[in-house]
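Structure first, then comments.
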Amino acid sequence: MSSVAVSAAGAAGSGGRGTSHGRLAWLVLPALLFFTVFGIVPLVGVFALSFTSWDGIGSVTFSGFDSWTSVLRDPGLPHALLVTFLIMALSWLVQTPISLLIGVFIAGNQRYRAFLAVLYFIPLLLSSAAIAIVYKALLDPNFGIGAGLGLDFLNQNWLGRPWLALGVVVFVVSWQFVPFHSLIYQGGVRQIPVSMYEAAQLDGAGRVKQFFHITVPQLKYTIITSSTLMVVGSLTFFDLIFVLTQGGPGDATRSLALDMYLRGFRASLMGPASAIAVILVVVGLVLALLLQRLGGKDANTSQLEGA
Amino acid sequence: MATTVSTSRKAPADAAGGGRVRRAGGSRNYLGGLFGWIWLAIIIIPIYWIVVTSFKEQSEYFGSNPLALPKAPTLSAYQQVIESNILRYFINSVIITVGSVVPAVLMSFMAAFAIVRGGGGRFLKAVNGVFLMGLAIPLQATIIPVYLIIIRLELYDTLAALILPSIAFAIPLTVLLLSNFIRDVPNELFESMRLDGSSEWGSMWRLAFPLTRPAIVTVSIYNALQVWNGFLLPLVLTQSPERRVMPLALWDFQGQYTINIPAVLAAVVLSTLPILVLYVVGRRQLIAGLTAGFSK
């Protein structure tokens, strides 16, 4: 990776691998220690715990494949996978076009757009818990905004019906994360050479044509980056759904991450919950790799530039 | 990934420079403008509602148009929230945020310095690889073993239980970002420090640290936002009200004051206030920090 090459060159430049460089290695130890204890060990641990049974209080005992068979036989698992996948796909479908358009919009250098951008970013400041609480109150059928304004179409039992609740989760997720992704797109758009647009204008291409023939293809890698973050991130939405719906109504919004928490910390089945956590990690890794593959080799090199 | 890292470093410069050629010359883009304003409405109406409602009496909220300005603005919702011990939760949040961000950034800075300036030995390369891999670990998926470790360390229901894992989870991204910036410091500067008799330790604090300060500020703000808004760790690792932090307090208020919506929203406003102040004071740094922290 380029980083290694650069640092090696740096070392050679300052007179080879002298003893002073060797002595620097201890500087990584505090960070390494913390990350090992609370990052690596838990990652290995979650795999190990999926072969044990533990109620969260007593002792941890080895139980072979019991957790895995119980999880894999449970009809709750395909359901949780389906919910997770639906939230992932729908929130990607909603967020990507909006983020792209907003990103292009705020990449313009007009004053009013810069001003709007400042306001667009406000949702990024709120915690997921706060956002969920706000929407819960806002959408309340008796005391929410629909009832208050007397608008019938806003006055649904939003969180009480399975499909509506799922829709609300997707909407709230988009409300929270579109600002972040539009920021990524804004950066991408600003790196497109202006000359490309000038040439297109000379050829008589209109704004829409420019958007589809220059902006979108030029943003290919930005789209992949943003999509990877959306897809992998959506696996781990926890606080938002937990506060907004608790997985309900019924189990209509019980996604994998929520299922893991409820099994582990509510039903005291840490073994099966760990098995679900392992599934989460694996699904996340596979999806991330697939999406990177989509970008082809170039995406990898551009990715390494930053590393 | 890199796209974001590089843009985040470029964005502030762009914003400051501002002199970009206007791309779509000619006619005004009315359609784009319309879309922009519609999106603004979607974003701003809930925010506006939070703020105006938090200044209403509970009775006024139920009787009136929810989007109308309060007829008699009152701080009673805030008073109610403050009386229910929110100050304690606020202080807890400050303690865990400062207590995890400062050590995490310092340790990550030292590690990044060693990785960049340490001569590319096998050990340092491996450590760097471990941190890069760490970017891909979702916190949520490791919560059960973290819980077990915290119990075994007898730290359950303490603020340290929140601080220690928060430090660990901030490290990978912080190391990655800071090492990118330390790498940009010209080698000649280190060379001349060395000729002046400075040790590597001295160069680290007196040369690399000041030169990477913007990155350090950015990444600190980003990490602070993560810890301040974190919900899962406190939910799982603490229990008693004395250890409660703001996001959990919000959740608790919501259960307690189900129909006292002004009070719940006043708590939301109070919990966001410190970050809002940061946003107003250091908007560019914060935005850069947010884009930099794309991974979680």
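The values are calculated or read from the model by the stated rules, or taken from the named source; none is laboratory data. Only a predicted model underlies this, so the values are computations on that prediction, with no experimental measurement involved. No Cβ is skipped: glycine too gets one built from the backbone with ideal geometry, and neighbour counts run over all protein chains shown. Surface accessibility is based on the protein's heavy atoms, side chains included, excluding ligands, DNA and RNA. Shrake-Rupley method; radii C 1.70, N 1.55, O 1.52, S 1.80 Å.
Given B:Ser198, B:Ser203, which one is surrounded by 20 or more Cβ atoms within 10 Å (Cβ to Cβ), over 26 Å from A:Val37 (Cα atoms) and more than 9 Å from chain A (Cβ to nearest Cβ)?
Selected residue: B:Ser203, the only one of B:Ser198, B:Ser203 that is surrounded by 20 or more Cβ atoms within 10 Å (Cβ to Cβ), over 26 Å from A:Val37 (Cα atoms) and more than 9 Å from chain A (Cβ to nearest Cβ).
Restricted to the range B:155-195, and to residues that are polar (S, T, N, Q) and under 25 Å from B:Leu232 (Cα atoms), which residue is surrounded by the fewest Cβ atoms within 10 Å (Cβ to Cβ)?
Residue satisfying both the conditions and the ranking: B:Thr158.
In the set B:Ser93, B:Ser54, B:Ser100, B:Ser64, which member is in contact with a Pro (Cβ under 9 Å, 6 or more places away or on another chain) and closer than 30 Å to B:Ser199 by Cα?
Just one listed residue meets the conditions, B:Ser100.
So A:Ala200 passes all but one of these: (1) without any contact (Cβ under 8 Å) to a residue 24 or more places away in the chain; (2) within 7 Å of chain B (Cβ to nearest Cβ); (3) open to solvent by less than 20 Å² (accessible area, probe 1.4 Å). Which condition number does it fail?
(2)
Restricting attention to the range A:164-181, report how many residues are within 16 Å of A:Leu93 (Cβ to Cβ) and either touching a Cys at 6+ places or on another chain (Cβ under 9 Å) or at the interface with another protein chain (Cβ under 9 Å from one of its Cβ atoms) (or both).
2
Go through (1) within 13 Å of chain B (Cβ to nearest Cβ); (2) surrounded by fewer than 21 Cβ atoms within 10 Å (Cβ to Cβ); (3) in contact (Cβ under 8 Å) with a residue 60 or more places away in the chain; (4) under 23 Å from the mean Cα position of the chain (by Cα) and name the single condition A:Thr96 misses.
(1)
Identify all residues within the range B:134-162 that are within 23 Å of the chain's Cα centre (by Cα), facing another protein chain (nearest Cβ under 9 Å) and of a type outside the set (Ser, Thr, Tyr); write none if there are none.
The answer is B:Gly134, B:Ala136, B:Ile137, B:Pro138, B:Leu139, B:Gln140, B:Ala141, B:Ile143, B:Val146.
Inside the range B:137-154, can you point out the residues that are without any contact (Cβ under 8 Å) to a residue 24 or more places away in the chain and either at positive phi or surrounded by fewer than 22 Cβ atoms within 10 Å (Cβ to Cβ) (or both)?
If the condition is that a residue be without any contact (Cβ under 8 Å) to a residue 24 or more places away in the chain and either at positive phi or surrounded by fewer than 22 Cβ atoms within 10 Å (Cβ to Cβ) (or both), then B:Leu148, B:Ile149, B:Ile151, B:Arg152, B:Leu153, B:Glu154 are the ones that fit.
In the range B:279-296, which residue that is part of a helix (DSSP H, G or I), more than 7 Å from every other protein chain (Cβ to nearest Cβ) and touching a helix residue (DSSP H, G or I) at 6+ places or on another chain (Cβ under 6 Å) is modelled with the lowest pLDDT?
B:Ala292
Look through A:Ala137, A:Ala132 and report the one residue that is modelled with pLDDT of 85 or more and more than 7 Å from every other protein chain (Cβ to nearest Cβ).
Answer to the check: A:Ala132.
Examine the range A:203-220 for a residue that is more than 11 Å from chain B (Cβ to nearest Cβ), in contact (Cβ under 8 Å) with a residue 24 or more places away in the chain and either open to solvent by less than 20 Å² (accessible area, probe 1.4 Å) or closer than 21 Å to A:Ile102 by Cβ (or both), and state whether such a residue exists.
yes
From the list B:Ala215, B:Ala170, pick out the single residue that is away from every other protein chain (no Cβ under 11 Å) and touching a residue at least 24 places away in the same chain (Cβ under 8 Å).
One residue alone meets the criteria, B:Ala215.
Filter the range B:221-256 down to residues that are surrounded by fewer than 20 Cβ atoms within 10 Å (Cβ to Cβ) and more than 13 Å from chain A (Cβ to nearest Cβ) and give me whichever is nearest to A:Phe265 (Cα to Cα).
The extreme case among them is B:Ser240.
How do the pairs read when you match residues in the range A:272-291 that are within 10 Å of chain B (Cβ to nearest Cβ) with residues anywhere that are open to solvent by 40 Å² or more (accessible area, probe 1.4 Å) and outside any helix (DSSP H, G or I), using Cβ under 7 Å and keeping only pairs 6 or more apart or on different chains?
Pairs that qualify, where the first residue is within 10 Å of chain B (Cβ to nearest Cβ) and the partner is open to solvent by 40 Å² or more (accessible area, probe 1.4 Å) and outside any helix (DSSP H, G or I), are A:Leu285/B:Ala136; A:Ala288/B:Ala136.
List the residue pairs whose Cβ atoms are under 7 Å apart, where the first residue sits in the range A:229-250 and is farther than 19 Å from B:Phe231 by Cα and more than 12 Å from every other protein chain (Cβ to nearest Cβ), the second is open to solvent by 10 Å² or more (accessible area, probe 1.4 Å) and in a helix (DSSP H, G or I), and the two are 6 or more positions apart or on different chains.
Partner pairs satisfying both residue conditions: A:Val231/A:Met88; A:Val231/A:Trp92; A:Val231/A:Leu287; A:Val231/A:Leu291; A:Pro249/A:Pro162; A:Gly250/A:Pro162.
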